[in-house]
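Asks: I am attaching a structure below and will ask some questions about it afterwards.
The values are calculated or read from the model by the stated rules, or taken from the named source; none is laboratory data. In this text, all values refer to a predicted model and were calculated from it rather than measured experimentally. Glycine gets a Cβ as well: all are built from the backbone with ideal geometry, and neighbour counts include every protein chain shown. For accessibility, only protein heavy atoms count, side chains too; no ligands or nucleic acids. Shrake-Rupley method; radii C 1.70, N 1.55, O 1.52, S 1.80 Å.
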Amino acid sequence: QVQLVESGGGLVQAGGSLRLSCTTSRRTFSTYAMGWFRQAPGKEREFVAAIRWSGADTYYSDSVKGRFAISRDNAKNTVYLQMNSLKLEDTAVYYCAAASAVQTIPSQYAYWGRGTQVTVSS
């Protein structure tokens, strides 16, 4: 079992920035691909970004490409999501997840955090 805990969410004005963190105590963290997803009220959970276990490759949805950056520090068992130029439509609960390989489909991730709320105001 891999327990993931997100932090860093909050209220920010449009155009601002936030950095989300997701950490685990699991020593095997470095063997997992990690992803960030988000879910807005009334909408399905959607892929945001993912990173290979090594950090060598990253993947983004078209809606956040160029604004968000995913990274990881395996020594700290932590994955980050730097969010810049935030828009109103970025408002959602953000979840981190772990999988055996990089995926963009939520059902392919075995482990999930409880989420952190990001609210972008005008």
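Asks: Within the accessible area of the chain, what % is carbon and sulfur when the probe is 1.4 Å and the other protein chains stay in place?
Replies: 46 percent
Asks: Work out the length of the dipole vector of region 1-84 about its Cα centre, built from +1 on the beta-carbon of each Lys and Arg and -1 on the beta-carbon of each Asp and Glu, and round it to the nearest 20 debye.
Replies: Rounded to the nearest 20 debye, it is 160 debye.
Asks: Okay, next question. If a/c stays under 1.5 just call it rounded; otherwise compare a/b with b/c (prolate if a/b is bigger, oblate if not). Do that for region 21-67, with a ≥ b ≥ c from the square roots of the Cα gyration tensor eigenvalues.
Replies: Oblate.
Asks: On average, how much accessible surface per residue is there in the chain, in Å², for a 1.4 Å probe, leaving out ligands, DNA and RNA?
Replies: Counting only protein heavy atoms, the per-residue value for the chain is 53 Å².
Asks: If I take R0 = 30 Å and measure r between the Cβ atoms of ASP62 and SER122 in this structure, what FRET efficiency does the formula 1/(1 + (r/R0)^6) give, to the nearest 0.05?
Replies: According to the calculation, E is roughly 0.85.
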